[in-house]
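The values are calculated or read from the model by the stated rules, or taken from the named source; none is laboratory data. Bear in mind the structure is a predicted one, so any value in this text is a computation, not a measurement. Positions of Cβ are generated from backbone atoms using ideal geometry, with glycine treated the same way; all protein chains shown enter the neighbour counts.
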Amino acid sequence: MSKRAVLEVIALDVEDAVAAQAGGADRLELVTDMAADGLTPAAATVAGIRAAVDLPVRVMLRLADGFAAGDVPRLVAAAGAMREAGTEEFVLGFLDADGDVDLGAVERVAGALEGCRWTFHRAIDRAADRGALRKQLADFPGLDTYLTAGAAGGVDAGLPTLLAEAGRRGEPGYEQQLLVGGGLRLEHVPVLLEAGIDAFHIGGAARPGGWDGPVSAGAVAEWRRVLGD
């Protein structure tokens, strides 16, 4: 029997986290300010969510819209504050002006995580060469997941890339889990599951009322049903 697919849900606050857990989410990605595609939340929010639910929580390390690292010492300080608040999993990813991975920034920020596991987020979908990025990060400590839609435009555009990368699982640079998110819809799920993809990430899809409304436990439960219990 195949193992259950992972369902990760974006949470902005305790209400979201409780609803996501009630609906059957396996993990939360914790951010603030979705108008900027998700920035580092307040440590108090992290602590509140960790007290309210017992799901794993991956916390975003990102200071501003876009994929430049910006103020790296501030990012390192934020990582330290989140570690002190008990965070054990993270999300990060930085590109330079040419669209290459900003290895210096990734090294400094990941170095502050004390060996914690982390996701390289959708910056990969804006990279000049995603294969080169994967090779450069192949043996990076703690990196166990890529959050990707396969293309900057979302899963509709990125599906061929996702299927190709799923077929390379286990090769150098492709050992990390593919976590598919970004314009992901329920109708994409069967072909992704068929390809062996076993992790899915939803944000807007968990919120029938849009980003101004909370996560719906019912919407999460529908995803859980389609992904299998």
- Note on the structure: Those residues of region 164-187 which are of a type outside the set (Asp, Glu), touching a Leu at 6+ places or on another chain (Cβ under 8 Å) and more than 24 Å from Leu30 (Cβ to Cβ) amount to Ala166, Arg169, Gly173
- Task: Any chance you could count how many residues in region 40-82 are buried (at least 17 other Cβ atoms within 10 Å of the Cβ), under 13 Å from the mean Cα position of the chain (by Cα) and not β-branched (Val, Ile, Thr)?
- Result: 4
- Query: Pairs, please: C-beta under 7 Å, at least 6 apart or cross-chain, first residue among the small types (Gly, Ala, Ser) and in region 95-111, second surrounded by 14 or more Cβ atoms within 10 Å (Cβ to Cβ) and assigned to a helix (DSSP H, G or I)?
  - Reply: Gly99/Arg126; Ala105/Val72
- Message: Residue under question is Leu163, and the condition is that it be under 28 Å from Gln136 (Cβ atoms) and within 16 Å of the chain's Cα centre (by Cα); does it hold?
- Response: no
- Item | Which numbered condition Val91 misses (of (1) over 15 Å from the mean Cα position of the chain (by Cα); (2) over 21 Å from Glu171 (Cβ atoms); (3) among the aliphatic types (A, V, I, L, M)) | (1)
- Reported set for region 196-229 where residues are of a type in the set (Lys, Arg) and touching a Ser or Thr at 6+ places or on another chain (Cβ under 9 Å) is Arg207
- Scan region 131-151 for residues that are within 23 Å of Glu8 (Cα to Cα) and among the charged types (D, E, K, R) and jot them down. Arg134, Asp144
- Message: Which residue is nearest to Pro190 (Cα to Cα), if the candidates are limited to region 128-155 and must be under 18 Å from the mean Cα position of the chain (by Cα) and polar (S, T, N, Q)?
- Response: Thr148
- Task: Hey, could you check region 110-138 for residues that are among the acidic types (Asp, Glu) and modelled with pLDDT of 95 or more and say which is surrounded by the most Cβ atoms within 10 Å (Cβ to Cβ)?
- Result: Asp125
- Message: So, Gly131, is that one small (Gly, Ala, Ser) and farther than 21 Å from Asp98 by Cα or not?
- Response: no
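Do we find a residue being part of a loop (DSSP other than H, G, I, E, B), of a type in the set (Asp, Glu) and either under 19 Å from Phe120 (Cα atoms) or at pLDDT below 95 (or both) anywhere in region 39-56?
Our first condition is that a residue be part of a loop (DSSP other than H, G, I, E, B); within region 39-56, this holds for 40-42, 53-56.
Retained after the next criterion (residues that are of a type in the set (Asp, Glu)): 54.
Filter again for either under 19 Å from Phe120 (Cα atoms) or at pLDDT below 95 (or both), leaving none.
Taking every residue of region 39-56 in turn, none turns out to be part of a loop (DSSP other than H, G, I, E, B), of a type in the set (Asp, Glu) and either under 19 Å from Phe120 (Cα atoms) or at pLDDT below 95 (or both).
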- Could you look through region 85-103, keep only residues that are among the charged types (D, E, K, R) and under 18 Å from Asp54 (Cα atoms), and pick out the one that is surrounded by the fewest Cβ atoms within 10 Å (Cβ to Cβ)? Glu88
- Cross-chain or 6+ apart pairs with Cβ under 6 Å, region 45-57 first and more than 12 Å from Gln21 (Cβ to Cβ), then of a type in the set (A, V, I, L, M) and modelled with pLDDT of 95 or more: Val46/Val59; Gly48/Val14
- Gly210: passes all of (1) over 18 Å from the mean Cα position of the chain (by Cα); (2) surrounded by fewer than 14 Cβ atoms within 10 Å (Cβ to Cβ); (3) at pLDDT 95 or above but (3)
